[in-house]
Every structure is written in C-alpha cells, then in structure tokens.
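Every number here is computed from the coordinates shown, using simple stated rules; none is lab data. Note that the coordinates shown come from a computational prediction; the quantities given were computed from them, not determined experimentally. When we count neighbours, we look across all protein chains shown, and the Cβ atoms used for this are built from the backbone with ideal geometry, even at glycine.
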C-alpha cells in the first residue's frame, strides 16, 4: 500500500520533532551553547504554529487529511478544533521556552531540557490528528514521558519526588490506556478510531459491552494525564517540585495533549449515547469540587496552581458528558481560555521568582502588597485570576464558563449543571484568596531586582492578550472554530 503525503499539513508535528533531533546534533557539534537552545526551541515552535495557521482560517477545508491509503482511509485528520489545539500546544510550548530562557542552568542541561520540550510538544501536536490506534498511543506517550524528565532535571529532592510520582502515574496510565485500546480493537475489529466501526460494534450486544468497557478504560487512562480526580495525586507534587516554567508546561501543553487525545475518542463513541459518557460527568464533578476545596487551604503558589489545574480540568471535560453537537467546540474553547490565563499566571510567578528569588514567589503570603511593589505584575496576575474564576472585567473567562455549562444544561443534566454552578461560586472564593493577598499588607523581599526583559515582555503581552480577548472574546475562540 502507498500512502499519500501532505508535508505542509504534517509540518506542525514534523517541525518540533525534527527540531528536537537538530538540537541534539547541534549540542554535539557546539557544546555549551546554553540558553541558545531555548531561543531555538521557541523559534521552532513558533514556526510550527505558523505552519498550522492556514488550517485555522474559515476558508480551510474541514477536516484536512493526509497519510491516506488507497482504500480511502486517512490516518491523519485535523479539523478546526484540532488546529486550535495544535496552536495552543505549540504557542504555549514557545512561551515556556522563552520563560526558561533567562534562568541559569548548566549548559549541558539546557540542551536536554529544550530537546525534551520539543519532543513532548511534537507528541501533543500530533495526537490530535492521529486516527489509528498505534500512532495515537505512541504520540500520547511522547507527549507524556519527556515531561517526567523535565520535572526531574531540576535536580532537587522535591523535583525527584515529583518526577517519581509522575512516572508511576504515567506507567499506570499507559497500562490502563493500552488495555482500553486492546478492548477497542477486540470490540470493533478495527485499528482505527472511526464512528462506523463503533456503530457496527454497537449492533452486537457482546461487542457493545466490550466497547463500553474499552471507553471506560481509555477515559480512566486519560484522566491521569488530564489531572482529573481521583487520578490527580501526582499533580501537586510535580508542580511543586518542577521549575516554575516546567510547571506551566504541565499545566497547559500537557493538558492540551490529553484533551486532544480524549476528543479523538469522543468523536467515535457519541453514537453509543450518554451511557458511555457518564464516567466523564462523574470525573468532571469530582475534579471541580476536590480541586476547589484543596486550593482553599493551600499556601504554596505552585501547589495552588496545581489544584487550580485539577478544578479547571473538570470544567474542560464538563461539556463532554453530553452528546451535544457543541460539546467538542465548548471543551476546546474552554481549554484555550484556561491555557491563556494559566500561562499568564505562570509568567508572573516565573518573573517574580527570577527577580526576587524562588522563595519570594512560592508562598502565597509573599505576594502581600505586590500591587505597591510591582504593580504591573499584580494587575496582570489579577486579570489571570479573574479569568479563571469567570468574573468581569475578564469577560473571556465568563464566556468560557457559559460555553462549558451550555451543553450540559441543553442536555438536561441538571444535577451536573447544579454542581458546576456551585463550583463556579466556590471557585470565586478560591481565587479571591490570592487576590486579597495581592492587595493586602506590604511585604518587601530581601532583594528586589529588575525584571528580566524577556519576562517583562511576556508579562506585558499576556496582560494585553487578556484585555483584548475580554473586549473581543471571539478573537480567541475562533481559533477552535467556535
């Protein structure tokens, strides 16, 4: 059999994948370039994002396909939602690389970290378009395993503990997901994620039961990667032990990969009806509630953001508890908004940690009086927190929450809708804790250096992005075709 190739369509995946090999060769030829690797990483990821932009245009074909067999089956297919998730992964990866650029690490470690980030982002970009079981599983793990090494390379005890926790979770997740994939193949007799295969399997009672079990296994495996409770235990440890930029990578790029993988499954199983999606609704409700409750008592900023990720993951998958035609768009739109707000929050924490020292950016109490000490950082962080809680003037956050809860209300899942509404109110109390500290009593650090120009620029760009998207929410949501 002969495959057809569209290299331009594959470019968003190929550029970071080939770029990771290029960086290794460059490091072998020109060792100790140090921070140059992070600059090249950002350039490569932005180049990949530029290659993906044509697919996000309204005039682009939907879906766009390549790696097509003579039988007409295509192994790579990406629609507007997929392109939006690819852009989210690539741009967030570039931002993380730029956040890491000013941070001093041994030169040989910088090359390895940059290579791992490129490889993980390539996996996150490719999994959204994979339509066969093998490629989907391999790309999903490619998006996961390098992130474990990125956490461990901080070379502190807390980082090693977080990496071990994440590694054990990744291994369990892989085993569960692989079992689900095997059951999927047993039920459908197909190595592809297609609605037709699912529909044929659902007509036989025994095959249908096996298929539902396969979906449950796959959702459980992906729940580990999404930080959905009760599969979230690794998240606070990994966030707290990793360097601040890598925490941002775990919070955003990794979550884009996990949602992308979940949407590939979701499109195929909607023909089974709501019974197959009940597990998603339960995970969503538990994650929102547990994440908010634990964040209410958290005193560490990075662990606070970890619990925020657990809670927000519940909101991301909330629309997928229904078979609504808007579910995929709503989930992707919420993830994009969450990604922007969370990246901005991590940019502020990174800038503060680099200027004042990590100890002055980790404890929530150390943000006391930040508005008077560093007003730009305080205002930007406040906008990010308001977006996550869904309150004006960060209108984009409110739009995202309405979009997420809309399919649930439309599907008459009233219990889940009420739980989401209660958690929206609880979330306000969660993020107001940090906001109150920002405007609280003055607390000066022992040393107060100027912000690094790269961090300064990223914080300003982040603030502008939140302002512009709140004024014109459609400017952000249209990248997923909403």
| said: If you take P(r) over Cα pairs in 20 Å bins from 0, in percent from the coordinates, which of [x] 24, 47, 25, 5, 0; [y] 14, 21, 18, 14, 12, 10, 6, 3, 1, 0, 0; [z] 26, 60, 14, 0 do you get? | reply: [z]
| query | Taking the Cα atoms only, what angle lies between the long axis of helix 414-438 and the longest principal axis of the chain, rounded to 10 degrees? | reply | 20 degrees
| Just how far, in whole angstrom, is segment 41-93 from segment 449-470 if you go by their alpha carbon centroids? | 27 Å
| With the contact rule set at Cα under 8 Å and sequence spacing of 6 or more, what percent relative contact order holds for segment 239-373? | 29 percent
| said: Under 8 Å for C-alpha pairs, at least 6 residues apart: give me the relative contact order for segment 7-479, rounded to a whole percent. | reply: 14 percent
| segment 1-159: relative contact order in percent, alpha carbon pairs under 8 Å with at least 6 residues between | 30 percent
| task | Please report 88, 178 as a ranked list, fewest other C-beta atoms within 10 angstrom at the top and most at the bottom. | result | 178, 88
| said: With 10 angstrom as the radius, rank 401, 299 by how many other C-beta atoms surround their C-beta, starting from the fewest. | reply: 299, 401
| task | Return 74, 68 ranked ascending by Cβ neighbour count within 10 Å, so the fewest neighbours appear first. | result | 68, 74
| remark: The helix 395-410 Cα axis meets the longest alpha-carbon principal axis of the chain at an angle in degrees, between 0 and 90 and rounded to 10, of 30 degrees
| field | Equivalent ellipsoid, segment 149-258 (semi-axes from 5 times Cα gyration tensor eigenvalues, Å) | value | 35, 12, 10
| On Cα atoms only, tilt of 205-226 relative to the major axis of the chain in degrees | 10 degrees
| Mean Cβ count within 10 Å, highest first, over the residues of peptides 198-210, 226-238, 419-431 | 226-238, 419-431, 198-210
